[in-house]
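Structure first, commentary second.
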Amino acid sequence: MRLDPLTQAWTIFSAARPIPPAFGSVQDEPAKESPFVAGHERFTGPALHTEPAHEWRVRVVPNRAPILHVEGDASRRADGFYDRADGVGAHEVVVEDAGDNAFEELPLPQIEQIITAWKTRMLDLMKDTRMRSFTVVKNVGTPAGGRVRHSVSQILAMATIPPLLHRKLQTARTFYDTRKRSIFEDILSEEVRTGTRLVYENNGFTVFCPYAARTPFEVAVYPKRQCPDFHGLTTQETTQLADVLKAALHKLNRALDHPPYSLMLFTAPTRTTRGDHWTSIERDFRWHIEILPRLYYRNGIELATGCYLNSVWPEVAAAHLRSIELSE
């Protein structure tokens, strides 16, 4: 068993859950006519953002079936013994290509445009002072929750801080209070020192398989510069991030034959004018990305214990991913 230092969740490594995965390649899923290709703009509503502006390659539109809405009361209130609040937030779809290319097949300048769209929309959504947290999620394949074959991602703004981000923030703050160092910097230093879980890196980012990986071939993407906010990304870092995302997804697709996966971007919440307890966040938290191949549904053991089951040691997964040439 291994403990994740950020989430404090255990992963049990066992051969009882074998590879090959239970789910097939996303390329085997039946193709359906996409409402997101160029020429079908009438199906998606008006654009909130386009890259470039004159002839779009990347387009952001409202989600037509949002899980959160801007209307409502975000305050927490009693409901008998329980607490409740309205689901206040925003839910947008980033159309990542005017055609039908997968993310990792896109040219680097277009991936940069996707990253820029994520950043631009987050900054715009922050103008609503009720919004506290923001995330980007990319679900590929039906087992991962993907509903279309088209390359899309989602931007979610919430008027609250969700539990997983809250747990990471608390862990990072406690670690900093105790050791006066960022837990993210220590994790990154350890991965570079051992080298056994490294997958890929450039001057701005490091890709590695986490020590307590929750799924086979899980990878994490950490920026080398300390910054809590994704929207603090520089132009150079945007180019570097496009490079590592393209490389990581190419390697995963080669290793697992285009598996379903979820990509998740974690960034610090907005800071309020009142003195809340995120006082050291500029030094203790670092935005980051996690990519989880969705090879199995979580089973009853995982749900009952809160632990994850993984049949592939991250050192083995990383070695295989490192061996895959990007020119293939």
Review point. Between Y297 and D86, what is the spin-label point distance in nm, taking each point 7 Å from the Cα along the Cα→C-beta axis?
Key: 3.5 nm
Revision key, fill the gap. Of the residues T178, Y200, T272, the Cα lying farthest along the dipole of the chain towards its positive end, which is defined by charges on the beta carbon of Lys, Arg, Asp and Glu, belongs to T178
Check your understanding: Could you give the Stokes-Einstein D for region 109-188 in µm² per second, using the C-alpha Kirkwood radius, 20 °C, 1.002 mPa s?
Key -> 141 µm²/s
Practice item. May I ask which of K168/K246; K168/K224; K138/K251; K119/K246; K119/K180 have a Cα-Cα span longer than 24 Å here? Key: K168/K246; K119/K180
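How much accessible area per residue does the chain have, counting only protein heavy atoms and a probe of 1.4 Å, in square angstrom?
48 Å²
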Review point. To the nearest 20 debye, what charge dipole does region 174-328 have about its Cα centre, counting +1 at the Cβ of each Lys and Arg and -1 at the Cβ of each Asp and Glu?
Key: 180 debye
Study note, to complete from the structure: To the nearest 20 debye, the chain has a Cα-centred charge dipole, built from +1 on Lys and Arg Cβ and -1 on Asp and Glu Cβ, of 880 debye
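So if I take the alpha carbon set of the chain, get Rg, then get Rh from the Kirkwood formula, what is the Rg over Rh ratio?
0.95
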Check your understanding: When the Debye formula is applied to the Cα atoms of region 182-328, each taken as the same point scatterer, what base-10 log of I(q)/I(0) results at q = 0.15, 0.20 Å⁻¹?
Key -> -0.82, -1.27
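What's the local net charge at A157, with K and R +1, D and E -1, over the other residues with C-beta under 13 Å away? Can you show the working numbers first?
Details: positive: R121, K127, R130, R132; negative: E92, D124, D128.
Taking every other residue near A157 into account, the sum is +1.
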**Study point:** Inter-site label distance for D100 and T272 at 7 Å from Cα along Cβ, in nm
**Key:** 4.9 nm
Exercise for review: Using a cut-off of 11 Å between beta-carbons, work out the net charge of the residues near T267 (Lys and Arg +1, Asp and Glu -1, T267 not included).
Suggested key: +2
Revision key, fill the gap. Shape descriptor, region 173-259: equivalent ellipsoid semi-axes (Cα gyration tensor, sqrt 5λ, whole Å, largest first) stand at 23, 18, 11
Exercise for review: Largest first and to the nearest Å, give the Cα extent of region 243-304 along each principal axis.
Suggested key: 49, 39, 15
Point to revise | Label point distance in nm, S189-A304, each placed 7 Å from Cα along Cα→Cβ | key: 4.2 nm
**Study point:** Net charge of neighbours whose Cβ lies under 10 Å from the Cβ of A85, counting Lys and Arg as +1 and Asp and Glu as -1
**Key:** -1
Exercise for review: First measure r as the distance between the Cβ atoms of T129 and S323, then evaluate 1/(1 + (r/R0)^6) with R0 = 51 Å and state the FRET efficiency to the nearest 0.05.
Suggested key: 0.55
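Can you tell me how much longer the chain between Q226 and T178 gets when fully stretched, taken as 0.36 nm per residue apart minus their C-alpha distance, in nm with one decimal?
So the chain would gain 15.4 nm between Q226 and T178.
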Review point. Tell me, in nm to one decimal, what length is gained between R147 and S280 on full extension, where the rule is 0.36 nm per residue of separation less the Cα-Cα distance?
Key: 44.0 nm
**Study point:** Difference of contour (0.36 nm per residue) and Cα-Cα distance, E55 to F43
**Key:** 2.5 nm
Check your understanding: When DSSP assigns beta bridges and you keep just the ones with both residues in the chain, what percent turn out antiparallel, to the nearest 5?
Key -> 90 percent
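Leaving out ligands, DNA and RNA, and with a 1.4 Å probe, what % of the accessible surface on the chain is carbon or sulfur?
Details: 8440 of 15650 Å².
Looking at the chain in its full context, I get 54 percent from C and S.
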Point to revise | Residues of region 112-128 with amide N under 13 Å of a point placed 7 Å along Cα→Cβ from A74 | key: 125-128
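The values are calculated or read from the model by the stated rules, or taken from the named source; none is laboratory data. A quick note: this is a predicted structure, and the numbers were derived from the prediction, not measured. Every residue, glycine among them, receives a Cβ derived from its backbone with ideal geometry; neighbour counts consider all protein chains shown. For accessibility, only protein heavy atoms count, side chains too; no ligands or nucleic acids. Shrake-Rupley method; radii C 1.70, N 1.55, O 1.52, S 1.80 Å.
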